[in-house]
1. Under the rule of -39500 (n - 2.57) per DSSP H run of 4 or more residues, summed and divided by the residues of the chain, what mean residue ellipticity at 222 nm is obtained, to the nearest 500 deg cm²/dmol?
2. Looking at the chain, which GluC sites (Glu not before Pro) are in a loop (DSSP not H, G, I, E or B) and have at most 14 other Cβ atoms within 10 Å?
3. If you average 1/r over every pair of different alpha-carbon atoms in the chain and take one over that average, what Kirkwood value in Å do you get?
4. Working out 0.36 nm times the residue gap between Arg65 and Arg40, then minus their Cα-Cα distance, what length gain in nm do you get to one decimal?
Amino acid sequence: MSAYAFEPPATPALPIVEESVLFPVRRVLCVGRNYAAHRREMGGDDRDPPFFFSKPADGLAPPGRDVAYPSQTQD
């Protein structure tokens, strides 16, 4: 077995609703502009297609916990 050069971070996980187990998260895939009202709110029109993007799994904030901000910012 190989050894790690340093200890890797823990696997991000979120609780499953109404269960006492965690669901491991590898990727967070998102859809933007998927509602007509949101497209108009963002300055687009109803012909703008939705777009897809991803976020890192370590950016998750478990229920009841605050999102961690970088040390040099307040928001």
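1. Using -39500 (n - 2.57) per qualifying helix, the result is -2000 deg cm²/dmol.
2. Here the GluC sites (Glu not before Pro) that fit, given the DSSP loop and packing criteria, are Glu18, Glu19.
3. 16.1
4. Length gained, Arg65 through Arg40: 5.9 nm.
Quick note: the coordinates plus some simple rules give every number you see, no bench work behind them. Only a predicted model underlies this, so the values are computations on that prediction, with no experimental measurement involved. Because the Cβ atoms are built from the backbone with ideal geometry, glycine has one as well, and the counts that use them run over all protein chains shown.
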